[in-house]
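The values are calculated or read from the model by the stated rules, or taken from the named source; none is laboratory data. Worth saying up front: this structure is predicted, and the values here are computed from it rather than measured. Here the Cβ positions follow ideal geometry from the backbone for every residue, glycine too, while neighbour counts run over all protein chains shown. Heavy atoms of the whole protein, side chains included, go into the accessibility calculation; ligands, DNA and RNA do not. Shrake-Rupley method; radii C 1.70, N 1.55, O 1.52, S 1.80 Å.
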Amino acid sequence: MILEGKKALVFGVANDRSIAYGISESFKNNGARLAFNYMGNAIKKRLEPISEKLGGEFIFQCDVTSDEQIAESVKLVKEKWGTIDVLVHSVAFAHKEDLQGRFIETSRDGFLTAMNISAYSLIALCKAFEEVINPNGSVICMTYYGSQKVIPNYNVMGVAKAALESSVRYLASDFGPKGVRVNAISAGPIKTLSASGISDFREILNHIETHAPLRRNVTTAEVGNTASYLASDMSSAVTGDIIYVDCGFQSVG
Ligand code: 0WD
């Protein structure tokens with residue numbers, strides 16, 4: 001029970017295939033207390049039974065592009081819990097037309113949308129929740145190898161993930177004196193709702209099965225267990241880091 005009593009806010013559970021769901025299950029199994037955001041009413045309906053199943057203590061509306069909703073979330077979290085120990089950012093978005101074809105075709109609006117939702121939102125959440133995160137707290141976000149190498153069709157999201165990974169290092173530096181750690185997990189490809197927006201995603205999965213040292217794809221449960229390690233005091237000297245949970249693909253890819 002490495003997370004016994006720790007209060008974890010999880011952003012990005014859309015359904016039970018979400019990476020954030022695997023993270024939440026592992027957190028629950030390790031003794032954490034949980035609360036979840038939802039973006040809009042459609043996701044709220046889906047989230048309610050999931051939160052119940054995982055023993056979530058409350059859910060709250062928070063579109064990460066809205067400073068007002070982020071401020072409201074902080075207020076609510078203060079009322080409910082006072083402080084938090086863990087913040088999980090498992091959120092990303094890019095327009096479908098920007099996840100196919102030539103990267104050079106990315107529009108200004110598409111670029112800014114991807115950057116806003118997928119990268120800036122981490123900074124916005126860290127800034128807003130700074131006052132409630134306990135010393136020894138842990139911030140965890142999700143990234144992908146397309147930030148480092150060209151992965152067909154990942155395009156603008158690769159650029160957004162590069163910004164996110166760099167933000168992890170700067171945020172870790174800002175939070176370090178408080179004892180709060182900031183890290184990213186770079187997960188191998190997983191068939192989720194977001195992933196289905198990427199053109200020819202099946203080919204990426206097949207490529208991993210053939211080329212990754214473990215010759216298979218990663219599961220959300222495996223990503224979840226690494227997140228539990230990062231959320232726990234077991235990783236107390238790990239910060240500003242990108243941890244690969246990808247069946248070893250980045251070592252050969
Ligand atoms: O292969 C993959 N699936 C990988 C995903 C490999 C490596 C990393 N990742 C990352 C993603 O880029 C993302 O950062 O993991 C994170 C979680 O993605 P996921 O679990 O693959 O996707 P999904 O289940 O769709 O959850 C992402 C959620 C959204 O779901 P939908 O499908 O409704 O877009 O991000 C949330 C939303 O719940 N989200 C937002 N939340 C608040 N405000 C917003 C927003 N503006 N936009 C999207």
Which pairs do you get when a residue that is of a type in the set (Lys, Arg), found in region 197-222, comes within reach of a residue that is open to solvent by 60 Å² or more (accessible area, probe 1.4 Å), reach meaning Cβ atoms under 8 angstrom, with the pair 6+ apart or on two chains?
-> Arg215/Glu209; Arg216/Glu209
Residue check, Pro152 open to solvent by 10 Å² or more (accessible area, probe 1.4 Å), within 26 Å of Glu72 (Cβ to Cβ) and outside any helix (DSSP H, G or I) = no
Considering only residues that are assigned to a helix (DSSP H, G or I) and either over 24 Å from Ala227 (Cα atoms) or touching an Asp or Glu at 6+ places or on another chain (Cβ under 8 Å) (or both), look in region 64-76 and name the one that is nearest to the ligand (Cβ to nearest atom).
-> Gln69
Mind listing whichever residues of region 77-106 are open to solvent by 50 Å² or more (accessible area, probe 1.4 Å) and away from the ligand (no atom under 14 Å from the Cβ)?
-> Lys78, Glu79, Lys80, Glu97, Gln100, Gly101, Arg102, Phe103, Ile104, Glu105
On the given criteria, is Lys6 closer than 20 Å to Asn134 by Cα and surrounded by 15 or more Cβ atoms within 10 Å (Cβ to Cβ)?
-> yes
